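Have a look at the structure below before the remarks.
The values are calculated or read from the model by the stated rules, or taken from the named source; none is laboratory data. If you're wondering where the values come from, they're calculated on a predicted model, not measured in any experiment. Don't worry about glycine lacking a Cβ; one is built from the backbone with ideal geometry, like all the others, and counts go over all protein chains shown. The area values use the complete protein model at the heavy-atom level, side chains included, leaving out ligands, DNA and RNA. Shrake-Rupley method; radii C 1.70, N 1.55, O 1.52, S 1.80 Å.
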Amino acid sequence: LAKEQYCKKRVAIWLGARFRAGKARCLFRAMKRQRKEVLTNTLMIQCAFRIRMSKKKAGRMREKRWAVVTPYASTIIQRHWRGVLGRKRSSKLRARMLEYLENCLQATISIQAWFRMVLAKRLRLLLQCRHFSLELSKFRSAIKIQCFWRTIAAKKVWKVLKLELEEQERLRIASLSRISALVRCRLFRKAIQKRVTVTETRLKASFLIQTWYRNETERVRLRLMAEGLQAELRLSSANLIQRTMRKKLAHLELLKLRAEQAELHALKESKAT
């Protein structure tokens, strides 16, 4: 029983404490809210008063400023107008300067292009001179080879003719020795035999003449064949030289077109940048 009363007493104390704590919290919140409202009203009053004072001060300062600035208004307006005119003039001068700089840039690009064209022409002339010198050296070497070959062919023909002449001379000497031997052996014969021998000698002479004529015609034919072969060689060498010249010129034209396309592409890129 004592324990139960003690517990009831503790519960009553706890409930009373909880009730007093709730009432204290409600009172504290009401006081806090009231204090906050008082502070808010105070701040609003202070802000309104400061706004009013600031407006009055601004009005006084505005009146004072206009009283000071009014005599100098025309001067300020003229100054601003001169500033506007000066800015317009400076903008026009800037535009003229930009146009002048653009013209200078175009002139510089034109001069550079012309200089590159001159360098390309010089390079082309140098390449053409080298090519022509090479072709001239080839032509000279071909001429030397042809002269050497003609010399060898002429030597061969000369050896053949020399052998033919020696053979003819040997035959002529043999025939003469034979004729002289026959003449010496048959001098004692009669005039009729002498006429016969003369006729025989005439026939032999005509035979020799015919042989010599045949040899001469053969030599002329060989010479004509050699000249025809030489003309064919000249024609083939001339065709080969013309073909190589056409190839070189076409290659040079192709290089020129590629260089011009590269320059145009570079100019487009420079303009784009």
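When only alpha carbons of the chain are considered, Rg and Dmax amount to 66.8, 216 Å. Here the range 107-187 is assigned +1 on the Cβ of each Lys and Arg and -1 on the Cβ of each Asp and Glu. Its dipole about the Cα centre then comes out at about 100 debye.
The portion of the accessible surface of the chain made up by carbon and sulfur, rounded to a whole percent, is 65 (1.4 Å probe; DNA, RNA and ligands excluded).
Taking a threshold of 29 Å on the Cα-Cα distance, which of the pairs Lys32/Lys57; Lys138/Lys256; Lys32/Lys56; Lys247/Lys268; Lys144/Lys247; Lys162/Lys204 fall above it? Table pairs above 29 Å Cα-Cα are Lys32/Lys57; Lys32/Lys56; Lys247/Lys268.
Distance between the 7 Å Cα→Cβ label points at Asn103 and Lys64: 5.8 nm. Using the Cβ-Cβ distance between Leu93 and Lys121 with R0 set to 51 Å, the FRET efficiency works out to roughly 0.80. Beyond 24 Å, the tail of the calculated P(r) for the range 30-160 holds 77 percent of the Cα pairs.
Are there GluC sites (Glu not before Pro) in the range 70-160 that DSSP puts in a loop and that have at most 13 other Cβ atoms within 10 Å, and which ones? Could you put the intermediate results ahead of the total?
Details: sites: Glu99, Glu102, Glu135; in loops: none.
Sites meeting the loop and neighbour criteria: none at all.
Surface exposure of the chain, expressed per residue as accessible area with a 1.4 Å probe, stands at 91 Å².
Helix-only arithmetic for the chain: the sum of -39500 (n - 2.57) across DSSP H runs with n ≥ 4, divided by the residue total, places the mean residue ellipticity at 222 nm at -37000 deg cm²/dmol.
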